[in-house]
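Inspection log for the structure reproduced underneath, given as structure tokens.
The values are calculated or read from the model by the stated rules, or taken from the named source; none is laboratory data. Keep in mind the model is a prediction, meaning the values are calculated, not measured. Please note: Cβ atoms are built from the backbone with ideal geometry, for glycine as well, and neighbour counts cover all protein chains shown. Areas reflect the complete protein model, heavy atoms only, side chains present, ligands, DNA and RNA absent. Shrake-Rupley method; radii C 1.70, N 1.55, O 1.52, S 1.80 Å.
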Amino acid sequence: MEIRVRYAPSPTGYMHVGNLRSALYNYLVAKSLGGKFILRIEDTDQKRKVDGAEKIIFDTLEQTGLVCDEGPGIGGNFGPYVQSERKEIYNKHALELIGKGDAYYCFCAKSEENKCDCKNLDPKLVENYISSDKNYVIRQKMPECGISSFDDVVFGHIEIENDQLEDQILIKSDGMPTYNFANVIDDHLMRISHVIRGCEYLSATPKYNLLYKSFGWEIPIYVHLPLIMGKNPDGSVTKLSKRAGAVSFVDLVNEGYLPEAIINYISFLGWNPGSTQEIFSLDELEKVFSIDNIRKSPAIFDYEKLAWVNEHHIKMKSDEEFADILRKYVDFETNLIKLAKILKPRVSKLSQIENMIDFFRQRPDVDKNLIMNKKNKLDEKIAKEILSNSIEVLEKVDRWENSVLFENLSSLSTQMNIKKNAIMWVIRVSASGKEVTPGGATEVLEILGKEESIIRLKNVLNKLV
Ligand code: GLU
């Protein structure tokens, strides 16, 4: 069997993590089984359509590396891949179903939708209504008794009494198909082998299977994915929503998560590799992914875990790669590689960078009380001595490098018989205006450069009496 899977988002302007997971699992199934990954835009609900939404879909797939083999703008033998461009195809198939007696025209006004009984209308009357331009929808005729069942790879055997199935609309009054109809026609015509999607579609699947049966088509393999739940601030589990944190890909990127970390984390929302390894690149996921390891119990989206995964992916970057990321945050003259070296081990979300580097950009107005520190037994007199001696030593340094600066200040500490920590503390706070900085005092000095460092230390010295 040729493996062909599809990611079929509706362009609603928002790439929810649940959607992204569907995209990822489809992609991984295609890659791990040597199949094709197809993108289909499901835009038949024109009311929900949002301008620019398709671009968000394309951009997300590009940023995450989920490259499609067929789709809009890519091509393929089974297009068009945008449902609104396939209207005639759906209409033709709906008429075929009417011919078979498995669908019917329904002329009921919306309010009466559920009570109407158009399936038994006299064919003459139907013809009359249609020629007089009366509004209609086309509905699927469900069997009145019996049971429909199917086997889902993840959720197992599913059964439903046919009398529970309503005569769902296939073609709407605007001539557009419903998702319920279009997905079946397209999955068949696009030769989809595995339908992989969220479990919210599980209960409607028997209706889709009846459509396959009416047409005499082979039913695809179904792989429904577990729910994704969120966590409230108090730890209780809830539906994943904005209130429980960012839930779209763009939100997560804006919060400072790397696309590869998001992908790595999302891969675990319903699957596990069957080992203890938790950090994966997309390439590695392609090798280990297996449908057999998808589970049906709900997954919980945990921001702490995502930050942990993100931190690992940041550490895996080379200094050059991380310097490249920093470019976006750094709008002042500095050595990006040096900055990358001190930030990389300390950042778990890119959004933390701004606060960590603001003191490099702007000379701080240091509060001298920050320097007097009980732990280091510093009073103003000692602090002043430390600063003036340090400035004297530092002014003589030619090679302005962390190791040289460190050596010099270390010898000063021996000379003055003052703990090294105390000296470094005074230097760090004076140079940055902060108690905590990325990198040690001398790393900070190295990045600031000699001239700027001395100016900053002198400024503080002038405040001390
Ligand atoms: N257009 C549907 C959605 O965005 C896709 C469901 C499916 O994959 O069949 O939820």
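Miscellaneous remarks
- The residues listed here are I192, I196, I219; of these, the one that is within 16 Å of the ligand (Cβ to nearest atom), in contact with a strand residue (DSSP E or B) (Cβ under 9 Å, 6 or more places away or on another chain), in a loop (DSSP other than H, G, I, E, B) and under 17 Å from P9 (Cβ atoms) is I192.
- Residues located in region 155-207, provided they are hydroxyl-bearing (S, T, Y) and open to solvent by 30 Å² or more (accessible area, probe 1.4 Å): S173, Y179, Y201, S203
- Residue check, Y212 of a type outside the set (S, T, N, Q) and part of a strand (DSSP E or B): no
- Condition check for V29: among the aliphatic types (A, V, I, L, M), under 21 Å from the mean Cα position of the chain (by Cα) and away from the ligand (no atom under 16 Å from the Cβ): no
- Looking only at region 423-446, and only at residues there that are at pLDDT below 95 and within 14 Å of S403 (Cα to Cα), the one that is nearest to the chain's Cα centre (by Cα): G439
- Test: S10 is more than 19 Å from H188 (Cβ to Cβ), open to solvent by 10 Å² or more (accessible area, probe 1.4 Å) and within 11 Å of the ligand (Cβ to nearest atom): yes
- Answer residue from region 13-26, given it is farther than 22 Å from P80 by Cβ and more than 11 Å from the ligand (Cβ to nearest atom) and is surrounded by the most Cβ atoms within 10 Å (Cβ to Cβ) among those: L24
- Scan of region 119-145 for residues that are open to solvent by less than 40 Å² (accessible area, probe 1.4 Å) and touching a strand residue (DSSP E or B) at 6+ places or on another chain (Cβ under 8 Å), ordered by number: V126, V137, I138, R139, Q140
- Taking the conditions (1) open to solvent by less than 70 Å² (accessible area, probe 1.4 Å); (2) outside any helix (DSSP H, G or I) in turn, K377 satisfies each one other than (1).
- Cross-chain or 6+ apart pairs with Cβ under 7 Å, region 302-313 first and free of Cβ contacts under 8 Å to residues at least 60 places away in the same chain, then among the hydroxyl-bearing types (S, T, Y): K305/Y265; L306/Y257; L306/Y265; A307/S348; V309/Y265; N310/Y257; N310/S348; E311/S348
- Any hit, region 42-63, residues being crowded, with 20+ Cβ neighbours inside 10 Å and more than 12 Å from the ligand (Cβ to nearest atom): yes
- In region 285-299, the residues that are in contact with a Phe, Trp or Tyr (Cβ under 9 Å, 6 or more places away or on another chain), part of a loop (DSSP other than H, G, I, E, B) and open to solvent by 30 Å² or more (accessible area, probe 1.4 Å): S290, R295, K296
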